[in-house]
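Encoded as structure tokens, the structure appears first; notes follow it.
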Amino acid sequence: MPTPSLAALPIRRLTHRDLTACADLSEDRGWPREEHKWGFLLSAGRGYGIDDPAGGLVAACVVTEYGPHGHPRLGAIGMVLVAERYARQGVGRRLMRHVVALMDTTPLTLHATPNGRPLYEELGFKSTGRAEMVCGHFTAPQPVSGVVTRAATAEDLTSILRLDEEVFGADRTHVIARLPAFADNLRVAEDDGRIIGYAAAWPNMQTQVVGPLIARDTETAKALLTSLAAVTDRPLRTDIDVRHEELLDWVKAHGLESVAFNSVMTYGIAELPGDWRRRFAPLTVAAG
């Protein structure tokens, strides 16, 4: 039988049974396999893909919705990948158009690499900011800030969720509630018994990714980062909103180096909801 054309290959929902195929696709494009992150995203969000008749996936992406079930306030698109052998043949554009149409009037956001940005602009996404990826072995400053941090407990979840919704601008319960199982470390910052920030560090290949990083102010963000660095010997990696210049200067003075810049883009909304002043880093650029 003749091989069907790319345009005729159906787009379908991905499930956890597709985890290996998603990781293979990442590897095909020179990315780390990231099974741990793929598994998290396929649980918390909805994956979409196109099967290759020869086996594996032609393309994939994940959409994570935030807000009331059935009436999301925001959708984050990530892990948009097309197999190398099908690159520059319109597959990514077709998959993105499918997802945008499915999301209907829901505002969308994504982090775009310089290579991906032209496609997203063609589809109507606008650049509203930038995030800087930094990575390296963190060297803790002395003396450490007076902000009190500690390991999060199950009793903290309600307060974390309340703070997160206030800062992020939409309910992320289905994502944040998965953090204790997904992350190696989850810490909170307190002021007089009240939680004023929280951060997680989760494994990604040879690094620990810090995200989300939510904090009352820069000093609180520094304290959370320092506390997470103290419990791992792996390099830290995180994606910091470039408007947080003081934090970026500080992490670079303590061992982290700039790796890349991504454009924060939106569709159907001029600015992201919430309070960027307290939102220092996303959980992952794939999910906001």
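The values are calculated or read from the model by the stated rules, or taken from the named source; none is laboratory data. Quick caveat, the model's predicted, so the values are computed rather than measured. Virtual Cβ from ideal backbone geometry, glycine too; neighbours counted across all protein chains shown. These area figures cover heavy atoms from the full protein model, side chains too; ligands, DNA and RNA do not enter into them. Shrake-Rupley method; radii C 1.70, N 1.55, O 1.52, S 1.80 Å.
Scanning the stretch 12-23 for residues that are surrounded by 19 or more Cβ atoms within 10 Å (Cβ to Cβ) and over 16 Å from residue 77 (Cα atoms) yields a count of 2. The number of residues in the stretch 221-275 being part of a helix (DSSP H, G or I), touching a helix residue (DSSP H, G or I) at 6+ places or on another chain (Cβ under 9 Å) and not aromatic (Phe, Trp, Tyr) comes to 6. Of all the residues in the stretch 156-175, those that are β-branched (Val, Ile, Thr) and either more than 15 Å from residue 278 (Cβ to Cβ) or in contact with a Pro (Cβ under 7 Å, 6 or more places away or on another chain) (or both) number 3. Of all the criteria given as (1) open to solvent by 40 Å² or more (accessible area, probe 1.4 Å); (2) in contact with a strand residue (DSSP E or B) (Cβ under 7 Å, 6 or more places away or on another chain); (3) at pLDDT 95 or above, the one not satisfied by residue 101 is (2). Within the stretch 170-194, the set of residues being within 15 Å of residue 226 (Cα to Cα) and touching an Asp or Glu at 6+ places or on another chain (Cβ under 7 Å) comprises just one member, 188.
In the stretch 126-169, of all residues being hydrophobic (A, V, I, L, M, F, W, C) and under 19 Å from residue 239 (Cβ atoms), the one that is surrounded by the most Cβ atoms within 10 Å (Cβ to Cβ) corresponds to 168.
Residue under question is residue 105, and the condition is that it be touching a residue at least 60 places away in the same chain (Cβ under 8 Å), over 17 Å from the mean Cα position of the chain (by Cα) and within 24 Å of residue 274 (Cα to Cα); does it hold? Steps first, answer last, please.
Numbers: touching a residue at least 60 places away in the same chain (Cβ under 8 Å): yes; over 17 Å from the mean Cα position of the chain (by Cα): yes; within 24 Å of residue 274 (Cα to Cα): yes.
In short, yes.
Within the bounds of the stretch 211-218, is there any residue that is open to solvent by less than 50 Å² (accessible area, probe 1.4 Å), touching a Ser or Thr at 6+ places or on another chain (Cβ under 8 Å), under 20 Å from residue 147 (Cα atoms) and assigned to a loop (DSSP other than H, G, I, E, B)? No, that holds for no residue.
Residues of the stretch 233-248 that are surrounded by 22 or more Cβ atoms within 10 Å (Cβ to Cβ) and among the acidic types (Asp, Glu): 239 alone.
Each residue in the stretch 24-71 was checked for being open to solvent by less than 50 Å² (accessible area, probe 1.4 Å) and without any contact (Cβ under 8 Å) to a residue 60 or more places away in the chain, and 18 pass. Tell me which residues, restricted to the stretch 165-211, are on the phi > 0 side of the Ramachandran plot and among the aliphatic types (A, V, I, L, M). Matches in the stretch 165-211: 205 only.
Inside the stretch 263-275, residues that are within 15 Å of the chain's Cα centre (by Cα) and closer than 17 Å to residue 213 by Cα make up a count of 2.
In the set (1) open to solvent by less than 10 Å² (accessible area, probe 1.4 Å); (2) under 24 Å from residue 109 (Cβ atoms), the condition left unmet by residue 83 is number (2). How many residues, within the stretch 79-93, are under 21 Å from residue 41 (Cβ atoms) and part of a helix (DSSP H, G or I)? The qualifying residues number 2.
For the stretch 98-120, check the following and say yes or no: at least one residue is part of a strand (DSSP E or B) and under 24 Å from residue 20 (Cβ atoms). No; the residues of the stretch 98-120 include none that is part of a strand (DSSP E or B) and under 24 Å from residue 20 (Cβ atoms). When we screen 251, 259 for residues that are surrounded by fewer than 23 Cβ atoms within 10 Å (Cβ to Cβ) and in contact with a Lys or Arg (Cβ under 9 Å, 6 or more places away or on another chain), the only hit is 259.
Among the residues of the stretch 123-161, how many are of a type in the set (Ser, Thr, Tyr) and in a helix (DSSP H, G or I)? Walk me through it before giving the result.
At the first step, the residues of the stretch 123-161 found to be of a type in the set (Ser, Thr, Tyr) are 127-128, 139, 145, 149, 153, 158-159.
Now narrow it down to the ones that are in a helix (DSSP H, G or I): 158-159.
So the count comes out to 2.
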